[in-house]
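Heads up: the structure comes next, in C-alpha cells.
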Amino acid sequence: MSQQHISSAFDRDLEGIQARIMKMGGLVEQAILDSAEALDTRDQKLADKVRVGDKAIDTLEELLNEEAARVIALRAPTAIDLRVILSVMRISANLERIGDLAKNLAKRNAVLMTMPQINGSASQLRRMSRDVQLMLKDALDAYIQRDDKLAMSVIERDVDIDQMYNTLFREFLTFMLEDPRNITPCMHLHFIAKNVERMGDHVTSIAEQVVFLVTGEKPDEPRQKEDNTSTDAALSQR
C-alpha cells in the first residue's frame, strides 16, 4: 500500500510538471510567431508584448526546476522515472532559451522600423519562424505521446531551417554588395535569421531528449549542420 501511495503521488507530481511544460511550450510557440509577425508588419506593440511575455516563460522554467528538484528529493524516483524528470529539466532549459531568442528578435524591431525594408526579407523570416514553431509543436506532441518517430522527424526537418538560413545569408550578402546603404539593415536581419536558425537547434535538442526518454539512447548519428555561411563569407571577400 505504501509503495502504491508513493507511485500515485509521483504520477500526480509528474502530471503537474507536464502541464507546466506544455504551458511553457505554448507561450514559447506564441512568442516565436509574434516576434516574426512584429518584424514583418513593423508592429512595435506586438514586439513589446513579446519582450514583456518572456518574464512568464522564465518564471515557468524556475517553477519547473523547483518542482523537479522537490520530486527527486521526496519521491526518490527509480532510474526510469528519474530519466523523465531530467528530460523535463533539459526541455524546459531549451524552451527558455528559445524564448530568449524570440525576445532578441523583438528587440531588433524598433531599430529596423527606422530603416528601409529589404525586399521581402521580413516575410521570409516569418515563414522560417513559422516552420520552427511547427517543429516545436511536434516536438512537444512527441514528448506527451512518447513518440520517438515523430521526434526523429523533427530532428530531420532542422536541415530545412539551415538551408533557409543559408539562402537568406546569401541574399543579404548580395544586397550589401549592391548598395552600402543596405549594410546596416542587412546586418540586423542576418542577426535575426541566425537567431531563428538557433531556435531550430534548440527544438532539435528537445526532440533528441524525447528520443532519449523513449528509447534510453540518443539518436544514433549526430545530425550534420547545413550552415555553410562561413564558407560563403570567405568566398565573397575574394
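The values are calculated or read from the model by the stated rules, or taken from the named source; none is laboratory data. Model, not experiment: these values are computed from the prediction. Counting neighbours? That spans all protein chains shown, and the Cβs are built from the backbone with ideal geometry, glycine included. To get the accessible areas, we keep the full protein, side chains included, count just its heavy atoms, and leave off ligands, DNA and RNA. Shrake-Rupley method; radii C 1.70, N 1.55, O 1.52, S 1.80 Å.
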P(r) tail for the chain, what percent of Cα pairs lie past 30 Å? 33 percent
Say we join alpha carbon atoms closer than 10 Å with springs in a Gaussian network model of the chain; which of ARG146, ARG181, ARG42 then has the biggest fluctuation? ARG181
Using only the Cα atoms of region 103-230, what semi-axes does the equivalent ellipsoid have when each is the square root of 5 times a gyration tensor eigenvalue? Give whole Å, largest first. 33, 15, 10
What residue among GLU96, GLU62, GLU15 shows peak mean-square fluctuation when the chain is described by a Gaussian network model with Cα springs under 10 Å? GLU15
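With all protein chains present and a 1.4 Å probe, how do MET24, MET176 order by accessible area, largest first? Can you show the working numbers first?
Working: MET24 0, MET176 40 Å².
Listed by decreasing accessible area, they come as MET176, MET24.
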Dividing the mean separation of Cα pairs under 8 Å (6+ apart) by the residue count of the chain yields a relative contact order in percent of 24 percent
Could you state the accessible area per residue of the chain in Å², with a 1.4 Å probe and every protein chain left in place? 50 Å²
Calculate the dipole size of the chain relative to its Cα centre from +1 charges on Lys and Arg beta carbons and -1 charges on Asp and Glu beta carbons; express the result in debye to the nearest 20. 560 debye
In what order, largest first, do ARG12, ARG108, ARG130 sit by accessible area if the probe radius is 1.4 Å? ARG12, ARG130, ARG108
Just need the relative contact order of region 1-99 here, percent rounded to a whole number, with Cα pairs under 8 Å and 6+ apart. 38 percent
Leaving ligands, DNA and RNA out of it, report the carbon-plus-sulfur percent of the accessible area of the chain at a 1.4 Å probe. 52 percent
So, in the chain, how many Lys pairs have Cα atoms under 22 Å apart, if the pair is 8 or more places apart or on different chains? 24
Scanning the chain for helices, which whole DSSP H stretches are 15 Å or more long along the axis (Cα) and average -1.0 or more by Kyte-Doolittle? 2-41, 44-75, 79-112, 121-145, 148-178, 183-215
Of SER129, SER153, SER35, which is the most mobile in a GNM of the chain whose springs link Cα atoms less than 10 angstrom apart? SER153
